[in-house]
Amino acid sequence: MTEQFAVWTENNAEQSARWGSTSNAPVPKRIVVADDTMKADDAYRLACEGTALLWRGDFQNARQLTKAVASRIDRKPRRASDDPAKAFHLHRQTQGRRAQILGMLLIPLDADLSIPLRRAPDAQVALTEAFGMTGEPSVRSLRDILGAIGAHEWHRKGVFIEALDARVHPAFGVFSPVRGEYVDLVASAPLPSTESAFDIGTGTGVLAAVLARRGVQTVTATDQDPRALQCARTNLSRLGYGDQVNVVEADLFPEGTAPFVVCNPPWIPAKATSPIEYAVYDPAGAMLKGFLTGVAAHLDDGGEAWLILSDIAEHLGLRTRSELHDLIAAGGLTVVDRMDVKPTHAKVSDRTDALHAARARETTSLWRLRRR
């Protein structure tokens, strides 16, 4: 990718620094220097107009300013729709616009990724993990920087997985397995074989680890994201399954066949706007379709494919149950059994959430599929 540079005027001279963005946002066309004298109303107005603010004040004041701008964004009444699909797309548009406005507050970074602002945290380790060392000054949004710091804390502390009786440590840009119901399904479904298995789209490696813990002798875990591949290898090694699980780069399937193949694809067929969103949003349902149409060729005779999928897309009007059954049939598969569980995460009971109606009806299922 071609390097991009942010350009602004400061001290009557043109300045520039390398531009970085986790979501691949374009370089703001207009950048002005701002400090602790900037009022929230002015910051909000400028950001809405497309003018970015390069912060030279106190770091903690920048955080407070972001919160103040966010409160102004959230004051605007949301457009409503009785159509679930329209309501979802309006929600995504609102989220996107909110992120765009809040992304207009920029923070300078020195060549060593230190933050040259008063009361700035020592975040070099977190920023290096997230962005990599460039060896030159750069500019990023405060949202990116806070996201990297938060991801570092998730990685450091890890997420306790009851089915493993251990913690899994998600890396920056790799989806955290905070919703345990799908892990529990894989931990409790009857194993068709303990000889070998494929885990497609492994992410942190959590499902591969569960299969290994259950006694599957060899597991091949695939992903195409370099961050996920490294994260999975690190987690599996830490958990003691490094020799039992082989992590390989692949677009869906590895070579060969297995007695059963597990896949937990993104659950919502919609556009992703940042790398980590690809764990939640599956544009046009491409991964789901790819798995269901291709898995039969990777199953041993009598083998099973396990599809772990929420039905939230159905409640959002983005996919019907009959369309899912059509995909299963088109892949030459038949349903042997289905295990269901209701999610228990906080948003299920959060009536202020824009998608509450769908979340309240959501069921997560493990579909056991075989070749017809």
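The values are calculated or read from the model by the stated rules, or taken from the named source; none is laboratory data. Worth saying up front: this structure is predicted, and the values here are computed from it rather than measured. For neighbour counting, all protein chains shown are included, and Cβ atoms are generated from backbone atoms with ideal geometry for every residue, glycine included. To get the accessible areas, we keep the full protein, side chains included, count just its heavy atoms, and leave off ligands, DNA and RNA. Shrake-Rupley method; radii C 1.70, N 1.55, O 1.52, S 1.80 Å.
Calculate the spin-label point distance for T352 paired with R179, positioning each point 7 Å from the Cα along the beta-carbon direction, and give it in nanometres.
Modelled inter-label distance: 2.1 nm.
Send over a whole-number figure in Å² for the accessible area per residue of region 47-206, probe 1.4 Å.
46
On the protein heavy atoms, probe 1.4 angstrom, tell me the percent of accessible surface of the chain carried by carbon and sulfur.
48
Return the distance in nm (one decimal) between the two label points of a simple spin-label model at E136 and D82, each offset 7 Å from Cα along Cα→Cβ.
In this crude label model, E136 to D82 measures out at 5.7 nm.
Where in region 1-18 is the amide nitrogen less than 13 Å from a point lying 7 Å along the Cα-to-Cβ axis of T51?
Under 13 Å, as judged by backbone N against the label point of T51, lie 9 of region 1-18.
Helix hunt in the chain: which complete DSSP H runs extend at least 18 Å axially by C-alpha with mean Kyte-Doolittle at least -1.0?
In the chain, the long hydrophobic H runs are 59-75, 84-102, 142-157, 226-239.
Need the full-extension length gain, T2 to Q230, defined as separation in residues times 0.36 nm minus the C-alpha distance. One decimal, nm.
Going from the current span to full extension adds 79.6 nm.
Taking 0.36 nm per residue of sequence separation and subtracting the Cα-Cα distance, how much length would be gained by fully extending the chain between N24 and R75, in nm to one decimal?
Gain on extension, N24 to R75, equals 15.6 nm.
If I take every Cα pair under 8 Å that is 6 or more residues apart in the chain, average their sequence separation and divide by the length, what percent do I get for the relative contact order?
11
Determine the gain in length on full extension of the stretch R119-A360; use 0.36 nm per residue of separation and subtract their C-alpha separation, reporting nm with one decimal.
Here the answer is 82.5 nm.
Under a 10 Å cutoff between Cα atoms, tell me which one of A99, A313, A228 has the largest fluctuation in the Gaussian network model of the chain.
The residue that fluctuates most here is A99.
Order the peptides 200-211, 154-165, 124-135 from the highest to the lowest mean number of other Cβ atoms within 10 Å of their residues.
Going by the mean number of other Cβ atoms within 10 Å, highest first, we get 200-211, 124-135, 154-165.
To the nearest 500 deg cm²/dmol, what mean residue ellipticity at 222 nm is calculated for the chain from DSSP H runs of n ≥ 4 alone, each contributing -39,500 (n - 2.57), summed and divided by the residues?
Value at 222 nm, helices only, nearest 500: -10500 deg cm²/dmol.
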